[in-house]
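*Asks:* One structure is given below, represented as structure tokens, and several questions about it will come after.
Just so you know, all these numbers are worked out from the coordinates, no wet-lab data involved. From a predicted model like this one, the values you see are computed outputs, not experimental measurements. No Cβ is skipped: glycine too gets one built from the backbone with ideal geometry, and neighbour counts run over all protein chains shown.
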Amino acid sequence: MKQKQRASSLILVLLVVAGIITVIFGTQRIVLVQYNQANSEEDNLYAYYAAKAGIEDGLLRYRTSKNVEIPKGSEFKYDLRAGTDGTNFKQKANQQSYDLGIEYKTNKIETRELIRNSTITLSGFTQVADSVYLNLFFKRTDTTCVDDGVAVGSGKDSSFVQIQILDSTNNIQNIVANFNNTGTWSTDSTTPILINSASNVLQVRFTPYYCDITFEASVSGSTNPPIEFDSLNTTITATGYYGNAKRTLVALVDRTSDKLIGIYEFNAYSGTGNIKP
């Protein structure tokens with residue numbers, strides 16, 4: 001009888017000890033997970049503020065020099081802890097730093113709105129010897145627009161876009177873009193805009209009259225790398241680092257008005273699709 005009681009007591013003790021050990025290890029695991037989460041959140045916060053510092057750096061550079069560029073592959077690196085250019089450093093666990101890239105040139109402008117009587121100027125064309133052409137596409141956004149009460153196309157007035165091409169000798173070539181019955185116009189073989197080194201084109205500017213429009217611009221021709229021109233926006237990309245965390249912020253500046261369009265987080269928006277800042 002006593003042996004059975006001793007055996008039962010031993011089993012009970014073992015169960016209690018096992019329960020205590022389970023609770024201890026379970027609590028320890030929870031504490032470790034919470035600790036790691038807290039560290040991760042802290043690292044992310046430090047990385048975010050590093051990226052924010054990079055954006056401020058980029059905006060200051062833009063205000064100092066509108067045509068500043070730091071292209072992809074040549075990003076500026078800065079060590080915030082040391083306060084020095086960190087181009088050659090390797091990221092360490094407790095190091096707060098950022099990469100900075102600034103670009104304003106492109107070989108294509110996607111659909112963009114332009115209100116009547118406003119002028120857009122395209123410039124900064126890369127000079128190459130190949131036959132390279134600027135392609136423009138215009139579309140009326142309102143088929144019922146009027147001028148002085150007269151519906152466009154129904155009376156003496158008709159909507160059009162005035163295009164002016166300025167070369168290095170200050171010669172100006174004028175093209176009148178009259179919309180077709182679908183409300184569109186585009187460059188073709190009859191209205192080519194040659195923008196290579198032989199043509200010495202400095203600027204191409206256009207103004208819509210009587211109607212608001214959308215426009216697109218691109219280049220065609222066999223060049224490597226492709227010819228580029230002013231995209232009308234400056235894109236500032238800053239990636240902040242701290243510990244194992246990385247945060248990327250992107251700022252867009254309208255080069256025609258020098259206004260900040262917005263700042264968004266690349267990680268959240270993935271930098272794709274129709275999401276705008």
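*Asks:* Could you list which residues have their amide H under 5 Å from that of THR141, counting only those 5 or more apart in sequence or on another chain, with H placed in the peptide plane?
*Replies:* Here ASP212, ILE213, THR214 satisfy the definition.
*Asks:* Which of the aspartates and glutamates could a cross-linker bridge to LYS139, judged by Cα under 12 Å and excluding same-chain residues fewer than eight apart?
*Replies:* The qualifying aspartates and glutamates are GLU113, ASP212, GLU216.
*Asks:* Let me ask something else. Tell me, what is the FRET efficiency for SER118 and LEU45 to the nearest 0.05, using R0 = 51 angstrom and their Cβ-Cβ distance as r?
*Replies:* E(calc), rounded to 0.05, equals 0.75.
*Asks:* Looking at this model, which pairs from LYS77/LYS259; LYS52/LYS108; LYS105/LYS259 are more than 21 angstrom apart at the alpha-carbon? Numbers along the way, then the final one.
*Replies:* Details: LYS77/LYS259 26 Å; LYS52/LYS108 28 Å; LYS105/LYS259 17 Å.
Long pairs (Cα-Cα over 21 Å): LYS77/LYS259; LYS52/LYS108.
*Asks:* Using a 10 Å cut-off on Cβ atoms, rank the peptides 163-175, 233-245, 121-133, 207-219 from the highest mean neighbour count down.
*Replies:* Values: 163-175: 12.8, 233-245: 21.7, 121-133: 16.7, 207-219: 20.2.
Descending mean neighbour count gives 233-245, 207-219, 121-133, 163-175.
*Asks:* Output ³J(HN,Hα) for the stretch 56-71: one whole-Hz value per residue in order, computed from phi by the Karplus curve 6.51 cos²θ - 1.76 cosθ + 1.60 with θ = phi - 60°, and x for Gly and Pro.
*Replies:* Result, ordered by residue: 4, 4, x, 5, 5, 4, 5, 5, 7, 9, 4, 9, 5, 9, 10, x Hz.
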